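Just below is one structure, and these are the notes that go with it.
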Amino acid sequence: MTAVAADRIESAEQAYSIAAQLAAEFAVEAAERDRDRRLPHTEIDRLAASGLLAVTVPAEYGGADLPASAVAEVVRRLATADPNIAQIPHSHFVYLNLLRLAGSAEQRAHYFGQVLDGARIANAQSERGGATVAEIATTVRPEGTRFRVDGAKFYCTGSLFADLLAVLTRLDDPDQVSGLPAGEYIAYLPADTPGVRVVDDWQGIGQRTTGSGTVTFDGVLVDREQLIARSAAVHRPTAYGAYAQLLHAAIDAGIARGALTAATAFVRTTARPWFEAGVTRAVDDPLVIQRFGELSVAVTAAEATLAAAGLAVDAAIDATVPVAEASLAVAAAKVLADRAANEVSAALFEVGGTRSAAADLNLHHFWRNARTHTLHDPIRWKYQHLGRALLHDNPPPLHGVI
């Protein structure tokens with residue numbers, strides 16, 4: 001896959017404007033793409049060409065160096081239109097952040113330069129078969145003067161659109177031939193590297209066009225310069241986890257807003273009032289009005305806590321507030337965004353009535369997308385971290401998912 005030529009974005013305001021323009025374009029056929037599972041190759045090319053995927057490249061490498069809060073707002077705007085498209089670059093931004101935190105100067109220059117030229121990064125991280133999702137079976141081991149990667153990854157969001165894959169591996173080097181410390185490494189490698197197989201087998205009920213299929217690695221050879229130790233980003237207070245979780249919350253908040261917008265349009269134009277309301281238009285039914293008020297509060301609260309969490313992550317990265325404070329702010333935002341996305345996307349049918357359930361309208365894609373995306377990490381553990389911080393003064397753990 002060849003990267004497209006990308007424009008350069010210089011400010012958050014420019015990024016927001018471009019995100020809004022693209023969202024308006026992407027919204028037009030979002031329901032049809034979902035219904036037909038038509039992969040958004042053209043749309044992702046547009047996204048890459050816009051320069052939005054390079055907005056976090058540090059200024060010293062020629063990028064806009066936009067903060068986490070700005071990236072979250074870009075992702076939220078995209079998600080209001082098509083949360084599939086918004087999720088595809090999630091790992092792209094996360095692994096650019098890991099590169100910033102843990103990569104060498106040479107690695108940063110190399111990969112940041114590729115991204116400025118339009119390259120797209122996807123994850124190859126999750127696995128099946130272990131006792132928990134935290135267990136990594138995919139290995140990287142010395143082979144001559146190079147390293148060999150073997151294993152299989154699942155839920156590899158964006159892999160069908162990627163130029164580069166960020167592969168989470170476990171170093172298998174018991175004799176310490178490589179001289180590398182034990183632990184987990186991210187291997188950055190071109191998606192067309194020999195031995196890499198990207199399979200379009202994602203069958204989730206939602207987020208159907210994210211390209212979240214399987215990637216296998218069979219004797220894939222990489223150089224030392226392609227490996228980055230993950231511990232420097234994950235096992236220190238770097239806000240790496242808060243950054244990643246913030247973008248997940250942005251997707252959910254965007255789904256909630258998109259569903260509310262669709263529900264509003266449907267009730268205004270198509271829904272019929274319940275006969276007991278004694279009104280001629282659904283929009284005048286006092287119970288419908290009440291419900292929309294409740295849904296509006298849920299979405300507004302999710303957006304407000306997302307914005308506050310974004311500023312907290314910015315401050316943590318700038319070392320003006322503790323990273324634990326940012327992680328807890330993001331945990332609260334994640335809870336409210338999860339709630340809003342699932343509630344509003346389901347309530348769309350409650351306020352729209354039977355007509356809104358017509359299959360050809362595919363209004364259920366909002367609920368399916370919300371239900372699927374919010375499974376990434378359970379909010380019940382966000383409550384745990386928030387409660388433990390309050391009652392026991394325990395900071396959240398350092399594991400990259402908080």
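In a reduced charge model with +1 at each Lys and Arg Cβ and -1 at each Asp and Glu Cβ, the chain shows a dipole moment near 720 debye about its Cα centre.
When each of the peptides 389-397, 266-274 is scored by the mean number of other C-beta atoms lying within 10 Å of its residues, the order from highest to lowest reads 266-274, 389-397.
Full extension of the chain segment joining GLU350 with HIS110 gains 81.3 nm, where the gain is 0.36 nm per residue of separation less the Cα-Cα distance. Against the set (1) 31.8, 103; (2) 21.7, 81; (3) 42.2, 141, the structure's computed Rg and Dmax of the Cα atoms in Å falls on (2).
For the pair THR270 and VAL28, label points projected 7 Å from Cα toward Cβ lie 2.0 nm apart. Amide H contacts for GLY183 (H built 1.01 Å from N in the peptide plane; partners 5 or more residues away or on another chain; cut-off under 5 Å): LEU171.
Compute the orientation-averaged projected area for region 308-369 from the convex hull of its Cα atoms and round it to one decimal in nm². One quarter of the hull surface, i.e. the mean projection, equals 5.0 nm². Among the chymotrypsin sites (Phe, Trp or Tyr not before Pro) found in region 50-120, not one is both in a DSSP coil and sparsely packed, with 13 or fewer other Cβ atoms within 10 Å of its Cβ.
Restricting to DSSP H runs of at least four residues, report the calculated mean residue ellipticity at 222 nm for the chain, -39500 (n - 2.57) per run over all residues, nearest 500 deg cm²/dmol. Taking each H run of at least 4 residues, the total per residue is -16000 deg cm²/dmol.
Rg over Rh for region 12-120 works out to 0.99, using Cα positions for both radii and the Kirkwood form for Rh.
Fully extended, how many nm does the chain gain between ALA277 and GLN176 (0.36 nm per residue separation, minus their Cα-Cα distance)? If you can, show how the numbers build up before the last one.
Working: separation 101, 0.36 × 101 = 36.36 nm, distance 7.57 nm.
Extending this stretch completely gives an extra 28.8 nm.
Given +1 on the Cβ of Lys and Arg, -1 on the Cβ of Asp and Glu, and no further charges, what dipole in debye does region 12-120 carry about its Cα centre, rounded to the nearest 20?
240
Coupling constants for region 169-180 follow from the phi torsions by the Karplus curve (6.51 cos²θ - 1.76 cosθ + 1.60, θ = phi - 60°), and in residue order they are 10, 10, 5, 10, 8, x, 8, 6, 5, 6, x, 8 Hz; glycine and proline get x.
Between ALA319 and HIS41, the FRET efficiency from the beta-carbon distance, with R0 = 56 Å, is close to 0.90. Model label sites at LEU221 and ASP65, defined 7 Å from Cα along the beta-carbon direction, differ in position by 3.9 nm. Mean-square fluctuations from a GNM of the chain, with a 10 angstrom spring cutoff on Cα atoms, peak among VAL215, VAL149, VAL321 at VAL321.
Strictly greater than 22 Å: what percent of every Cα pair in region 139-230 meets that?
Values: 1182 of 4186 pairs.
Here the tail beyond 22 Å accounts for 28 percent of pairs.
Fully extended, how many nm does the chain gain between TRP381 and THR145 (0.36 nm per residue separation, minus their Cα-Cα distance)? Result for the pair: 80.6 nm of gain on full extension. Relative to the longest principal axis of the Cα atoms of the chain, the long axis of helix 286-317 makes an angle of roughly 20 degrees. Compared with the dominant Cα axis of the chain, that is its longest principal axis, helix 240-269 is turned about 20°. Distance from the C-alpha centroid of region 170-222 to that of region 29-59: 23 Å, rounded to the whole angstrom. Which residue, GLU29, GLU276, GLU60, has the most motion in a Gaussian network model of the chain that connects Cα atoms within less than 10 Å? Judging by the Gaussian network model, the answer is GLU276.
The protection proxy used here, the mean number of other Cβ atoms lying within 10 Å of each residue, ranks peptides 161-171, 238-248 as follows, highest first: 238-248, 161-171. The C-alpha atoms of region 276-402 occupy a region whose extents along the principal axes are 57, 27, 27 Å, arranged from largest to smallest.
Read-outs throughout are calculated quantities, based only on the coordinates presented, and are distinct from any laboratory measurement. The model shown is predicted, which means the values in this text are computed figures rather than measured ones. All Cβ positions, even for glycine, are placed from backbone atoms using ideal geometry, and neighbour counts span all protein chains on display.
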